[in-house]
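The values are calculated or read from the model by the stated rules, or taken from the named source; none is laboratory data. None of the values given here were measured: they were computed from a predicted structure. Note that we place each Cβ from the backbone using ideal geometry, even for glycine, and neighbour counts take in every protein chain shown.
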Amino acid sequence: MKIFLDTANLDEIKELADLLDGVTTNPSLVAREEKPFRELLSEICRLVLGPVSAEVTALDVEGMVRQARELAKVADNVVIKIPMGLPGVRAVKRLAAEGIPTNVTLVFSPVQALWAAKAGATYVSPFVGRIDDRAGDGMELVAQILGIYENYGFDTQVIVASVRHVRHVVEAALLGAPIVTAPYRVVRQLFDHPLTDLGIERFLADWERAAG
Ligand code: E4P
C-alpha cells in the first residue's frame, strides 16, 4: 500500500520525503501556508518524487480545464485534483484525453466513483473521515468502490482520504486499498508503539547492566 502525506506544509514533507509515495493538497491546506500556490506546489514537487495532487478552484468545465493545464506545467509529477460532480467528470474526461492525470476528490458514494473511473480518472478519493464524522461508514464506501473497480477492470486507483486515525490506515490496508493519504500526525504515529519504546529501554538497561 502506498502512503501519501495529506499536507501542503514543507517542513512536514521534508521530514518524511524519503519515505513518502506521494502528497495530496487541497485549497484549505494550501491556504494555511503563506506562499503563492504555484511556488509552493513547485517546491513540494521537488521534494517528493511521487504524485502531488493540486486542486482546481473553478467550478465550470472550461475553468477547471484551463486551471488544470496551468498547474500541470508546474512539474511532471503534478496530479490535478478535480471536485466530483457533472462538470468535474466532464473536465476529467477532457484532461484524460490530453494525458493529464487527475484525482477526483470529495467522493462520498460508489456511483460517484463509478463515473470518475468511466471518465478516465487516474485516482479517486473517497473521504472516509467526513463520512464517519456523520455516523456513516467510510470504509464500507471504500469496499464498495474497490469491488466495483474489480468487477469492471477499471485502472483508477483508490486513495483512501480524510483519514482521522491509525485504525483507518489499518482498515484500508485490510481491504487492499492501493493508497492511503493521511495527515502528518497520523503518518508519524504509524512508526511508533509504546511497547516498542519500552522494549528498547529494557534491552538497553539490561545491556548496560551486563556491561557494568
Ligand atoms: C484528500 O485528498 C483531502 O485533502 C483530505 O484527505 C481531506 O481531509 P479532511 O476531511 O481531514 O479535510
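Over 19 Å from the mean Cα position of the chain (by Cα) and charged (D, E, K, R), is that true of D192? Quick ask: steps written out before the conclusion?
Numbers: over 19 Å from the mean Cα position of the chain (by Cα): yes; charged (D, E, K, R): yes.
Spelling it out, D192 is indeed over 19 Å from the mean Cα position of the chain (by Cα) and charged (D, E, K, R).
Regarding E39, is this residue part of a loop (DSSP other than H, G, I, E, B) and not aliphatic (A, V, I, L, M)?
no
Look through I44, I80 and report the one residue that is closer than 29 Å to L190 by Cβ and in a strand (DSSP E or B).
I80
Okay, residues lined up against (1) surrounded by fewer than 19 Cβ atoms within 10 Å (Cβ to Cβ); (2) in contact with a helix residue (DSSP H, G or I) (Cβ under 6 Å, 6 or more places away or on another chain); (3) under 16 Å from E55 (Cα atoms):
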{"position": "R69", "(1), (2), (3)": "yes, no, yes"}
{"position": "V78", "(1), (2), (3)": "no, yes, yes"}
{"position": "T102", "(1), (2), (3)": "no, yes, yes"}
{"position": "L106", "(1), (2), (3)": "no, no, yes"}
{"position": "Q112", "(1), (2), (3)": "no, no, no"}
{"position": "I131", "(1), (2), (3)": "no, yes, no"}
{"position": "R134", "(1), (2), (3)": "yes, no, no"}
{"position": "G138", "(1), (2), (3)": "no, yes, no"}
{"position": "Q144", "(1), (2), (3)": "yes, yes, no"}
_Residue list for the stretch 154-179, restricted to those being within 11 Å of the ligand (Cβ to nearest atom) and either in a strand (DSSP E or B) or of a type in the set (F, W, Y) (or both)_ = I159, V160, A161, I179
*Could you tell me which numbered condition S42 fails, if it satisfies all but one of (1) polar (S, T, N, Q); (2) under 18 Å from A182 (Cα atoms); (3) out of contact with any helix residue (DSSP H, G or I) (no Cβ under 8 Å at 6 or more places or on another chain)?*
(2)
*Would you please list the contacts, defined by Cβ atoms under 7 Å and residues six or more apart or on different chains, that run from a residue in the stretch 168-183 that is more than 17 Å from N26 (Cβ to Cβ) and modelled with pLDDT of 95 or more to a residue that is within 10 Å of the ligand (Cβ to nearest atom) and in a loop (DSSP other than H, G, I, E, B)?*
V169/V163
*Please list, ordered by first then second residue, the pairs with beta carbon atoms under 8 Å, 6 or more apart or interchain, first in the stretch 40-61 and closer than 23 Å to M84 by Cα, second assigned to a helix (DSSP H, G or I) and of a type in the set (G, A, S).*
V56/G63; V56/A68; V56/A91; V61/A91
*asked:* Looking at S28 and the list (1) of a type in the set (G, A, S); (2) more than 17 Å from V163 (Cβ to Cβ); (3) in a helix (DSSP H, G or I); (4) free of Cβ contacts under 8 Å to residues at least 12 places away in the same chain, which single condition is not satisfied?
replied: (2)
_Filtered residues of the stretch 122-135 (kept if within 13 Å of the ligand (Cβ to nearest atom) and farther than 17 Å from V23 by Cα)_ = V128, G129, R130, I131, D132, D133, R134
*On the given criteria, is I145 in contact with a Pro (Cβ under 6 Å, 6 or more places away or on another chain), more than 18 Å from P27 (Cα to Cα) and not in a loop (DSSP other than H, G, I, E, B)?*
yes
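Matching residues to (1) over 19 Å from the mean Cα position of the chain (by Cα); (2) within 13 Å of the ligand (Cβ to nearest atom):
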| site | (1), (2) |
| --- | --- |
| L49 | no, no |
| G63 | yes, no |
| A72 | no, no |
| L106 | no, yes |
| S109 | no, no |
| A143 | no, no |
| L146 | no, no |
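Can you find, within the stretch 120-129, the residue that is surrounded by the fewest Cβ atoms within 10 Å (Cβ to Cβ) among those that are assigned to a strand (DSSP E or B) and either among the hydrophobic types (A, V, I, L, M, F, W, C) or modelled with pLDDT under 95 (or both)? Quick ask: steps written out before the conclusion?
Keep residues of the stretch 120-129 that are assigned to a strand (DSSP E or B), which gives 123-127.
Remaining after also requiring either among the hydrophobic types (A, V, I, L, M, F, W, C) or modelled with pLDDT under 95 (or both): 124, 127.
Working: V124: 26, F127: 19.
Among those residues, the one meeting the criterion is F127.
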